[in-house]
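To start, the structure itself, in structure tokens.
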Amino acid sequence: MNETKSIDVVNMVNNFINEEKRQNMKTELIFLGPPACGKGTQTTKLAEFMNLPHIDTGSLLRAEIKAETPAGIEAKKFIDKGNLVPVELVSRIIKNRLSNDDCKDGYILDGFPRSLEQAEQLTKINDEINGSTQVKFMAIYFDIDTNVLVERIVNRRSCSKCGEIYNLAFKAPQHEGICDKCGGELTQRKDDTREIAQSRFDTYEHETAPLIDYYKNKGVLKSIDANGTIDEVWERLLQVIK
Ligand code: AMP
């Protein structure tokens, strides 16, 4: 990456963040894209950079499953098949999470909405929480060549302790099965198999992809080319945020 260009973009994004803070504006960013398009890696990094909470519905649901809550037990039936969890269940979890005090300046939302019905729920939830607060809302679409994604999924591992994401094909850990960052054990998600991945892609095509036009028609969609390295995609992401 060109160092000078990168510093310019970082400065521009910092100006954007400061300006929003000065105007008391809330920043709400949502992300669209097929499974394993790299949203998780980029949005985690972006949340840290913008000092906003990273809210990822997949992880919230997996935490419910681990804790064996009624919501988790219900959600598991759908996740294990690669289907969407019922809208009422996921909307309730999201509403609780977005009502937290740490979301008062905004949020980075990864994995919600995933259907037109959920998009309408999100508008309702935001309206209820925000009242008269000024909001900058953006939907960022990760446009990617889907042929590479099944291989990405089956090679994906994540740290059971800190959540860091690895890929055995292009971002392998230094020691097999161990997280470079915290030494935690690396595990594979149960739905990261070839068969369930296919079902997740079908769900994406039917339920989630229509949101691209939905947000385009509202004039809030930004698309980025999500092919390439983590650094290349990061640079493009900063370009659309600024
Ligand atoms: P992810 O970690 O984003 O790949 O999500 C894993 C799984 O969690 C998905 O395949 C769905 O079964 C479920 N899930 C995540 N987000 C949602 C959502 N917004 N609505 C319904 N189900 C979801």
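The values are calculated or read from the model by the stated rules, or taken from the named source; none is laboratory data. Just so it is clear, the structure is predicted and the values come from calculations on it, not from any experiment. Glycine gets a Cβ as well: all are built from the backbone with ideal geometry, and neighbour counts include every protein chain shown.
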When Ala75 is run through (1) surrounded by fewer than 20 Cβ atoms within 10 Å (Cβ to Cβ); (2) more than 21 Å from Leu237 (Cβ to Cβ); (3) in contact with a helix residue (DSSP H, G or I) (Cβ under 6 Å, 6 or more places away or on another chain), the failure sits at (1)
Checking the condition within 11 Å of the ligand (Cβ to nearest atom) and under 25 Å from Leu46 (Cα atoms), which residue from Tyr215, Tyr204, Tyr166 passes?
Tyr204
Taking the stretch 33-84 only, how many residues are under 15 Å from the mean Cα position of the chain (by Cα), of a type in the set (D, E, K, R) and within 9 Å of the ligand (Cβ to nearest atom)?
3
Do any helices (runs of 4 or more DSSP H) entirely within the stretch 128-242 hold 2 or more residues that are at pLDDT below 95, and if so, which?
149-154, 194-203, 230-241
Identify the residue in the stretch 85-114 that is charged (D, E, K, R) and surrounded by 15 or more Cβ atoms within 10 Å (Cβ to Cβ) and, among all such residues, is farthest from the ligand (Cβ to nearest atom).
Asp105
If we keep only residues of the stretch 58-94 that are of a type in the set (Ser, Thr, Tyr) and without any contact (Cβ under 8 Å) to a residue 60 or more places away in the chain, then the residue farthest from Glu120 (Cα to Cα) is Thr69
Filtering the stretch 48-61 for residues that are buried (at least 19 other Cβ atoms within 10 Å of the Cβ) and either among the aliphatic types (A, V, I, L, M) or in a helix (DSSP H, G or I) (or both) leaves a count of 6
Gly183 is checked against (1) on the phi > 0 side of the Ramachandran plot; (2) surrounded by 14 or more Cβ atoms within 10 Å (Cβ to Cβ) and fails just one. What number does that condition carry?
(2)
